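The values are calculated or read from the model by the stated rules, or taken from the named source; none is laboratory data. Since we're looking at a predicted model, the values are computed, not measured. Positions of Cβ are generated from backbone atoms using ideal geometry, with glycine treated the same way; all protein chains shown enter the neighbour counts.
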Amino acid sequence: MEEKLIERYISFISENKTERECTKSIVRIAKENGFEDINTLDKLESGDKCYMNVLGKAVVLFRIGEKDISEGMNILGAHIDSPRLDLKMRPLYEKNGIVYLNTHYYGGIKKYQWLTGMLAIHGVVVRKDGTKVEVTMGEESDDYTFAISDILPHIAQEQMKKSASEIVSGEDLDLVTALGKEGKDDGGKCAVLEYLEKKYGIKEDDFLSAELEVVPAARAKYLGMLKDMVIGYGQDDRVCAFTSLEAFIESENEEKTLVTILADKEEIGSDGASGMNGLLLENALWEVLERLGKADGVTLHRALRNSYMLSSDVNSALDPLNISLYDEMNSSKLSGGIVFNKYTGSRGKAGASDANAEFIALVRKAMDENGVKFQMAELAKVDIGGGGTIAKYASRYGMEVLDAGIAVLSMHAPYEITSTEDIISAKKAYKAFLSI
């Protein structure tokens, strides 16, 4: 059973490398398990299951409980976007015999890590008439791929003197796409446009209304001879999204209303219509309350204020080769179980929601009663740096929120590393939390 969970997870992150692809798969899984689009429902009652698809980039799922919703909900929240490169709105150009696609990086990346590896393009192009074209190019199933070139070591003396952040600039993270055609100005670019129009019906001006993301081309795999780790792209934070969804679908708590939020835009501040710093949760809850016959502001705010939430995001795993960056006693380790983080933020806890001790005790009790392996940790040493999650955007409603996730090595790299034991632990932990 546990091996099948890992195999499902590997398939999920291999086949869903963008927030749109994740949303499409999540909706399919939800429908297969009896969830209905809230826009097709006139009313809701205890036991009903529904979801709200937000712009094809985020999903909020509800299971209505027996208790009045104003008494609070148990909420799981994770995000389905990941660091990547995006094609610019006018991306295609030819220079000195090579055709490139111009990019703009998304989220916190080490730019040099994206050089020379095999890359794919996933996304959508929307034509002026409203028709939408789904695009996948350069994956392992294709007979071609993309890459970003680097300077050969023989002439890289000046480059090697630069700091890691300066080795390559953001403007130089452009995809090698084709060769030019001798004797023809922009001949290679024209040939690429002919290919795109023939295969996808895309013209050059259609890039203006496109969302095309550059991601690693390889599938996720087991890592190591013992197959006790997973390596793959986008595990931050799809490992928490996947395990949250699995736990939510299997939950047996019928008393409280249960919610799972799988949001977008976390890697760039959670802003926008599909991010948690907007009205994502509030808008979805209004739709539910209207169908429960309780669409008033008092019920809305009481339901949110009385709720419990796990803000499910990954944590930095202790790296034995860079031990000086970590407080060993307060760091998470691979195979240590799900990670609970009282506060995230940077240095002096800036940007943290800082969970209440009473709520942590309640969560600890649920973990122990259900035999769930867990660890308490911070990201790194206090003055080293830090990072935020969606917790602070949920806590502003007055609800109790605790960060919970999985330890990751090489976080934000094109290929991240997790423990299979931790993936299993996360699903068990989310199920235990939903039963509170």
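When the criteria are applied in full, I6 fails the requirement of being β-branched (V, I, T), in contact with a Leu (Cβ under 8 Å, 6 or more places away or on another chain) and part of a helix (DSSP H, G or I).
Applying the criterion of being of a type outside the set (A, V, I, L, M), in contact (Cβ under 8 Å) with a residue 24 or more places away in the chain and part of a loop (DSSP other than H, G, I, E, B) to the residues of the range 403-436, the residue that is farthest from N322 (Cα to Cα) is S435.
Here the range 23-67 is the region considered, the condition is being under 18 Å from the mean Cα position of the chain (by Cα) and assigned to a loop (DSSP other than H, G, I, E, B), and the residue that is farthest from L280 (Cα to Cα) is G56.
Condition (residue is more than 20 Å from the chain's Cα centre (by Cα), in contact (Cβ under 8 Å) with a residue 60 or more places away in the chain and assigned to a strand (DSSP E or B)) applied to the range 363-372: is it met by at least one residue? Within the range 363-372 (the criterion being more than 20 Å from the chain's Cα centre (by Cα), in contact (Cβ under 8 Å) with a residue 60 or more places away in the chain and assigned to a strand (DSSP E or B)), the answer is no, since none of the residues qualifies. Considering R28, R63, R20, the condition of being among the basic types (K, R), exposed (fewer than 14 other Cβ atoms within 10 Å of the Cβ) and either farther than 30 Å from S163 by Cβ or in the same structural domain as E182 (by TED's automatic domain parsing) (or both) is satisfied by R28 alone.
Among the residues making up the range 168-188, those that are crowded, with 19+ Cβ neighbours inside 10 Å, out of contact with any Ser or Thr (no Cβ under 9 Å at 6 or more places or on another chain) and in a loop (DSSP other than H, G, I, E, B) are V168, G180. Taken over the range 173-199, the criterion of being of a type outside the set (A, V, I, L, M, F, W, C) and touching a strand residue (DSSP E or B) at 6+ places or on another chain (Cβ under 6 Å) is satisfied by D174, T177, G180, D186, G188, K189.
Selection of first residues in the range 272-290 that are within 16 Å of D68 (Cα to Cα) and in contact (Cβ under 8 Å) with a residue 12 or more places away in the chain and of second residues that are of a type in the set (G, A, S) and part of a loop (DSSP other than H, G, I, E, B), restricted to Cβ pairs under 6 Å at least 6 apart or on distinct chains, gives the following pairs, ordered by first then second residue: L289/A295. Can you give me the number of residues within the range 194-209 that are surrounded by fewer than 13 Cβ atoms within 10 Å (Cβ to Cβ) and either farther than 16 Å from L101 by Cβ or touching a residue at least 40 places away in the same chain (Cβ under 8 Å) (or both)? The total comes to 3.
Table: residues versus (1) assigned by TED's automatic domain parsing to the domain that holds N16; (2) buried (at least 17 other Cβ atoms within 10 Å of the Cβ); (3) over 23 Å from P414 (Cα atoms).
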{"position": "Y105", "(1), (2), (3)": "no, no, no"}
{"position": "G117", "(1), (2), (3)": "no, no, no"}
{"position": "E140", "(1), (2), (3)": "no, no, no"}
{"position": "F146", "(1), (2), (3)": "no, yes, no"}
{"position": "D150", "(1), (2), (3)": "no, no, no"}
{"position": "V192", "(1), (2), (3)": "no, yes, yes"}
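Of all residues in the range 403-416, those being buried (at least 24 other Cβ atoms within 10 Å of the Cβ), more than 14 Å from the chain's Cα centre (by Cα) and of a type in the set (A, V, I, L, M) number 2.
Residues that are touching a Leu at 6+ places or on another chain (Cβ under 6 Å) and of a type in the set (S, T, Y): does the range 171-188 have at least one? Yes; the residues of the range 171-188 include at least one that is touching a Leu at 6+ places or on another chain (Cβ under 6 Å) and of a type in the set (S, T, Y).
Among residues of the range 257-268 that are over 18 Å from G234 (Cβ atoms) and of a type in the set (D, E, K, R), none has a Cβ under 6 angstrom from a residue that is at pLDDT below 95 and not in a strand (DSSP E or B) at a sequence gap of 6+ or on a separate chain. Does S169 fit the bill of being over 20 Å from H412 (Cα atoms) and among the hydroxyl-bearing types (S, T, Y)? When the stated conditions are applied, S169 does not pass them.
Filtering V239, V192 for residues that are touching a Leu at 6+ places or on another chain (Cβ under 7 Å) and either modelled with pLDDT under 95 or part of a helix (DSSP H, G or I) (or both) leaves a single hit, V192. Scanning the range 296-323 for residues that are of a type in the set (G, A, S) and closer than 14 Å to T418 by Cβ returns S312, S316, A317. Taking the condition more than 19 Å from Y430 (Cα to Cα), of a type in the set (D, E) and either in contact (Cβ under 8 Å) with a residue 40 or more places away in the chain or not assigned by TED's automatic domain parsing to the domain that holds E254 (or both), does D37 pass? In short, no. Could you list, in sequence order, all residues of the range 86-107 that are among the small types (G, A, S) and modelled with pLDDT of 95 or more? Passing the criteria: only G107.
In a residue-by-residue description of the range 88-107, the property of being in contact (Cβ under 8 Å) with a residue 60 or more places away in the chain, in contact with a Lys or Arg (Cβ under 8 Å, 6 or more places away or on another chain) and not in a strand (DSSP E or B) applies to at least one position.
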